[in-house]
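Student: My structure is below; once you've seen it, I'll send some questions.
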Amino acid sequence: MANTFGKIFTLTTFGESHGEAIGGIIDGCPAGIELNLETVQKDMDRRKPGQSKIVTQRKEPDEVQFLSGIFEGKTTGASIGFIIKNANQRSNDYAHIKDAYRPSHADYTYDKKYGVRDYRGGGRTSARETANWVVGGAVAKQVISHIKINAFTSSVGDIFMEKPYQDVDFSNIESNDVRCPDTATAAKMIARINEIKKQGDTIGGTVTCVIQNVPVGWGEPIFDKLHAQLGKAMLSINAVKGFEYGSGFCGAKMKGSEHNDIFNADGTTATNLSGGIQGGISNGMDIYFRVAFKPVATIMQAQQTIDNEGNIVEMHGKGRHDPCVVPRAVPIVEALAAMVLTDFMLLNSYKKL
């Protein structure tokens, strides 16, 4: 399995959804960084289950215990080890899928690849793994503290926040349960999620991320393009089905004369359809992208599936699941963006030595 993320600033993780604990090791973090552990925990609280009525009601404190690499509040340059204990598993909720495969889950592919499957909550394939990523990202944010990273819910189903990112007040993101900075749109999103939840169904949506103050020159021109690494990171998140940056797919409908970002004398551009990245390298403008999340695969309705002997069986979802994963995905998107950027910052510094 590929359990390590990054090249210089790396995160290697372990653990299963219903095991004793999950955790990881962060390597490559520079020495002397003052770490605010309360800030790390704050990001964990934004991701954890049970935080509102529109997410899964599994109650996990998700308290991070750091084991190494920090002395008197500063990083030492050594590996930063951490652990997050699991506290609220209900493994019996998954007994009905011991021998059957949930539609659109990793159950079937995982079993065929490895020949063994931890059916309790999906084991290693569970989105609980993303708690580790939020820890890594929270540390990375403090390494690149001059860079601002703000993600928010921009759509739920067919309800979209139409306001362009330049007009968004990021201070409003945490003002509601769905993490949409537009109050009126947020109310519609919450009502829609509650409606879907009552039907025993789920719904998808999108998260938009805006990154500011990235200097010119981060990224590589061939295989390690900045947008390619951001895309790889986002597509690693459970339930993600799409990634677009800058003009994205809308750019395919435009003419070059409409799409080109004309330079100002100071090197900035009059428009930013490039999304802050040109030729795979940051150009100093805001980087912005959108991530699409599918509806959660576990629904509280009967569905046809197969068991591990190929028999057609009926399955009905049980347990505690998100009717919409998007609100809890916001800090995950920020975390992975922070780790990608920290990696490129260190790579850029290394090449200048």
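Student: At what distance in angstrom do the alpha carbon centres of segment 284-337 and segment 44-89 lie from each other?
Tutor: Each part reduced to its Cα centre gives a spacing of 22 Å.
Student: Fewest Cβ neighbours within 10 Å first, please rank Glu38, Glu129 accordingly. Could the numbers behind the result be given before it?
Tutor: Working: Glu38 7, Glu129 22.
Taking fewest neighbouring Cβ atoms as first place, the list is Glu38, Glu129.
Student: Same structure again: P(r) tail for segment 218-319, what percent of Cα pairs lie past 23 Å?
Tutor: Here the tail beyond 23 Å accounts for 48 percent of pairs.
Student: Could you put His316, His105 in order, starting from the residue whose Cβ has the fewest other Cβ atoms within 10 Å?
Tutor: By the 10 Å Cβ count, ascending: His316, His105.
Student: Residue by residue, what Karplus-based ³J(HN,Hα) values in Hz, rounded to whole numbers, does segment 247-258 have, using 6.51, -1.76 and 1.60 with θ = phi - 60° and x for Gly and Pro?
Tutor: With coefficients 6.51, -1.76 and 1.60, one gets 5, x, 5, 5, x, 5, 9, 9, 8, x, 5, 8 Hz.
Student: Working from Cα positions, state the angle (0 to 90°, nearest 10) between the long axis of helix 326-351 and the longest principal axis of the chain.
Tutor: Around 40 degrees separate the two axes.
Student: Moving on to the next point. Once you have a ≥ b ≥ c as the square roots of the Cα gyration tensor eigenvalues for segment 105-209, tell me rounded if a/c is under 1.5, and otherwise prolate or oblate according to whether a/b is larger than b/c.
Tutor: Oblate shape, in that a/c is at least 1.5 and b/c is the bigger or equal ratio.
Student: If packing is taken as the mean number of other Cβ atoms within 10 Å per residue, what is the order of 185-195, 114-124, highest first?
Tutor: Per-residue Cβ counts within 10 Å, averaged per peptide and sorted highest first, yield 185-195, 114-124.
Student: Given axes a ≥ b ≥ c from the Cα gyration tensor, I'd like to know whether segment 166-248 is rounded (a/c under 1.5), prolate (a/b larger than b/c) or oblate.
Tutor: oblate
Student: For segment 105-114, what does the Karplus curve 6.51 cos²θ - 1.76 cosθ + 1.60, with θ = phi - 60°, yield as ³J(HN,Hα) per residue in whole Hz, taken in order and with x for Gly and Pro?
Tutor: Result, ordered by residue: 9, 8, 3, 5, 5, 4, 5, 5, 6, 9 Hz.
Student: Across 10 Å bins from 0, what is the distribution of all Cα-Cα pair distances for the chain, in whole percents?
Tutor: The distribution over the chain is 5, 24, 32, 25, 12, 2, 0, given as percents.
Student: Which whole-Hz ³J(HN,Hα) couplings does segment 39-50 yield from phi under the Karplus relation 6.51 cos²θ - 1.76 cosθ + 1.60, θ = phi - 60°, glycine and proline marked x?
Tutor: 5, 4, 5, 4, 5, 5, 5, 6, 9, 5, x, x
Student: Now a separate question. Pairs of alpha-carbon atoms within less than 8 angstrom and 6+ residues apart define the contacts here; what relative contact order does the chain have, in percent? Walk me through the intermediate numbers first.
Tutor: Values: 712 pairs, mean separation 78.6, N = 353.
Relative contact order of the chain: 22 percent.
Student: Could you please rank Ile203, Ile196, placing first whichever residue has the fewest other Cβ atoms within 10 Å of its Cβ?
Tutor: Ordered from fewest to most neighbouring Cβ atoms within 10 Å, Ile203, Ile196 come out as Ile196, Ile203.
Student: How would you classify segment 108-169 from its alpha-carbon gyration tensor, with a ≥ b ≥ c the square roots of the eigenvalues: rounded for a/c under 1.5, else prolate if a/b is greater than b/c, otherwise oblate?
Tutor: It comes out oblate by the Cα gyration axes.
Student: Calculate for the chain the 222 nm mean residue ellipticity that helices alone would give, adding -39,500 (n - 2.57) per DSSP H run of length 4 or more and normalising by residue count, nearest 500 deg cm²/dmol.
Tutor: My calculation for the chain gives -8000 deg cm²/dmol from helical runs alone.
Read-outs: derived from the displayed coordinates by stated rules, not from any lab. No experiment lies behind these values; they were computed from the predicted model shown. We place every Cβ from the backbone using ideal geometry, glycine too, and count neighbours over all the protein chains shown.
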